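The values are calculated or read from the model by the stated rules, or taken from the named source; none is laboratory data. In this text the structure is predicted, and so the values were computed from the model without any measurement. With ideal geometry, Cβ positions are generated from the backbone for all residues, glycine too; neighbour counts draw on all protein chains shown. Protein only, heavy atoms only, side chains kept; ligands, DNA and RNA dropped before computing areas. Shrake-Rupley method; radii C 1.70, N 1.55, O 1.52, S 1.80 Å.
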Amino acid sequence: MDPYSALPFPETAFALTLVLLLLAPLAVAGLALINTGLGRARSAAQSLLGSLVLIAVAIIIFALIGSTFAYPPVGYLFEIAGVHWNWIGQGHFALSGFSSETVDTQLGLLFEFLAVAMLAIIPWGSGADRWRISAGAAVAAILAAILFPVLAYWVWGTGWLTQLGINFGLGEGFVDAGGASLIHVLGGLSALVVAWLVGPRKGKFPREGLSTAMPGHNASYVLFGCLLALVGWLAWNMAGAVLWLNADPTTLTVIAVNTLLCAAGAIAATFTLTRIRFGKPDASLCANGWLSGLVTSSACASVAKPAEALIAGIVAGIITPLLVELLELALSIDDPSGGISVHAAGGIWGLIAAGIFATQPGQFVAQLIGIAAVLGLFLPIMYGLFWLLNRVLPFRAEADGERIGMDLHELGGNAYPEFVLHRDDSYR
């Protein structure tokens, strides 16, 4: 049997997809750098080391457990009213037999390894400056072992969301080639739960209705991370289209252009909005807008036209800074990286936009069903699991650790030992 037979353009498609997947980790690297730059200087080394640790834990746990349920050719199912509902994969344990799988299955699992790596560090940024590495690693393990594999099978495997078109005539079923739902919405919701459980940083909300500005320590890290993420995202969206939508390689240029337009439209909107509101553009919010545009493109770049992608990006760029302000001032949620606004809201908007711009009848309804499934099923389960974990392994560092910085507290040394790191007045 020809191992390339499962791909529409055998050797060429395999080589192209593999190259794209080798570039895709730049998106993860860019996100890690953004998270670090948006945190405090005295926690910079802990932030980057934590990203590496969480990525490693997520990959190992996914290899040992999660991959069994995420993308096998067969799965467990039940029947209601004559309709089959596939709910979880039934594959080989701990990647046994991986080398004998067809190349499309191997590439699909490689894509999922990268996806779970990005997912793991989204909540890490929202818990910055007060979240312990050990607790972050435990959360990454839960995401990689339980939550991500189930949703990955529903979205990228042969799960019930992909069968909405066949079973109920809803377009092509739930469509999400770039993983907006199972990476960004799931990651953004986990960031929300983490922010709830660890609470705000000391001095962030001195009294109700008042928020203290705690700007990120290095805007250069943040903005360079945005540029780095762009390269990875271009590869990510094109690889996802080939793997999950069987996209013709001749359509990949349009997908790349749509990704650029989403990001460009988003940062243009955020730049304009913050300049009007504050008199000058805000660098960190513009970075959040750029990243939100990329997140939006994960869902809609493969189905939208260029003009539609630009509109989707502009809307994302408007939503993001407004939601950041709402969460902070109205709800007193401390999210240093903006993970909730960027990933959860950006991902949801991208999935909605994909339904709006799709030409197939019923596609919009299929997208709404997928969003409802993530919000209605995974958010409560996630909150329960994280709450129990927090009782066993407390998420938040001791008060003294937050005061001196997570670098000294967890690593015994600062990222910038030649600089004097001033104390916060809130700790006097």
Exercise. Can you find even one residue in segment 222-232 that is in a loop (DSSP other than H, G, I, E, B), under 16 Å from Gly39 (Cα atoms) and open to solvent by less than 40 Å² (accessible area, probe 1.4 Å)?
Worked result: no
Seminar exercise, completed: The condition from (1) in contact with a Phe, Trp or Tyr (Cβ under 7 Å, 6 or more places away or on another chain); (2) in a loop (DSSP other than H, G, I, E, B) that Ala415 misses is numbered (1)
Problem set entry | Qualifying positions in segment 1-25 - open to solvent by less than 60 Å² (accessible area, probe 1.4 Å) and modelled with pLDDT of 95 or more | Leu20, Leu21, Ala24, Pro25
Problem set entry | Residue list for segment 32-49, filter: touching a helix residue (DSSP H, G or I) at 6+ places or on another chain (Cβ under 6 Å) and outside any helix (DSSP H, G or I) | Gly39
Seminar exercise, completed: In the set Ala140, Ala145, Ala177, the lone residue that is outside any helix (DSSP H, G or I) and aliphatic (A, V, I, L, M) is Ala177
Seminar exercise, completed: Residue hits (segment 91-123; under 23 Å from Leu54 (Cβ atoms) and more than 14 Å from the chain's Cα centre (by Cα)) are Ala94, Leu95, Gly108, Leu109, Leu110
Seminar exercise, completed: Filtering segment 145-193 for residues that are of a type in the set (A, V, I, L, M) and in contact with a strand residue (DSSP E or B) (Cβ under 8 Å, 6 or more places away or on another chain) leaves a count of 1
For this session: Go through the residues of segment 78-86 one by one and say whether even a single one is touching a Gly at 6+ places or on another chain (Cβ under 8 Å), of a type outside the set (Lys, Arg) and open to solvent by 30 Å² or more (accessible area, probe 1.4 Å).
Result: no
Exercise. Considering only residues of segment 90-126 that are among the β-branched types (Val, Ile, Thr) and under 19 Å from Ile61 (Cβ atoms), which is surrounded by the fewest Cβ atoms within 10 Å (Cβ to Cβ)?
Worked result: Ile121
Problem set entry | Candidate set from segment 236-264 (those that are surrounded by fewer than 24 Cβ atoms within 10 Å (Cβ to Cβ) and of a type in the set (Gly, Ala, Ser)); member that is nearest to Asn288 (Cα to Cα) | Ala264
Problem set entry | Options Leu351, Leu388: the member that is over 23 Å from Thr36 (Cβ atoms) and either out of contact with any helix residue (DSSP H, G or I) (no Cβ under 7 Å at 6 or more places or on another chain) or open to solvent by 40 Å² or more (accessible area, probe 1.4 Å) (or both) | Leu388
Exercise. Is it true that some residue in segment 380-400 is outside any helix (DSSP H, G or I), of a type in the set (Lys, Arg) and touching a residue at least 40 places away in the same chain (Cβ under 8 Å)?
Worked result: yes
Exercise. What's the number of the condition Asp129 fails, among (1) surrounded by 20 or more Cβ atoms within 10 Å (Cβ to Cβ); (2) out of contact with any His (no Cβ under 7 Å at 6 or more places or on another chain); (3) in a helix (DSSP H, G or I)?
Worked result: (3)
Exercise. Among the residues of segment 259-282, is any within 30 Å of Gly401 (Cα to Cα) and among the polar types (S, T, N, Q)?
Worked result: no
For this session: Could you tell me which of the residues Val365, Val324, Val342 is open to solvent by less than 10 Å² (accessible area, probe 1.4 Å) and part of a helix (DSSP H, G or I)?
Result: Val342
Exercise. Can you find even one residue in segment 290-301 that is surrounded by fewer than 24 Cβ atoms within 10 Å (Cβ to Cβ), farther than 30 Å from Arg207 by Cβ and of a type outside the set (Asp, Glu)?
Worked result: no
Exercise. From the residues in segment 241-298 that are in contact with a Ser or Thr (Cβ under 6 Å, 6 or more places away or on another chain) and not in a helix (DSSP H, G or I), which one is farthest from His343 (Cα to Cα)?
Worked result: Pro281
Problem set entry | First in segment 81-102 and outside any strand (DSSP E or B), second anywhere and open to solvent by 40 Å² or more (accessible area, probe 1.4 Å), Cβ under 7 Å, 6 or more apart | Gln90/Val74; Gln90/Tyr76; Gly91/Phe69; Ala94/Leu64; Phe98/Gln106; Thr102/Pro3; Thr102/Ala6
Problem set entry | Number of positions in segment 188-221 that are outside any loop (DSSP other than H, G, I, E, B) and hydroxyl-bearing (Ser, Thr, Tyr) | 3
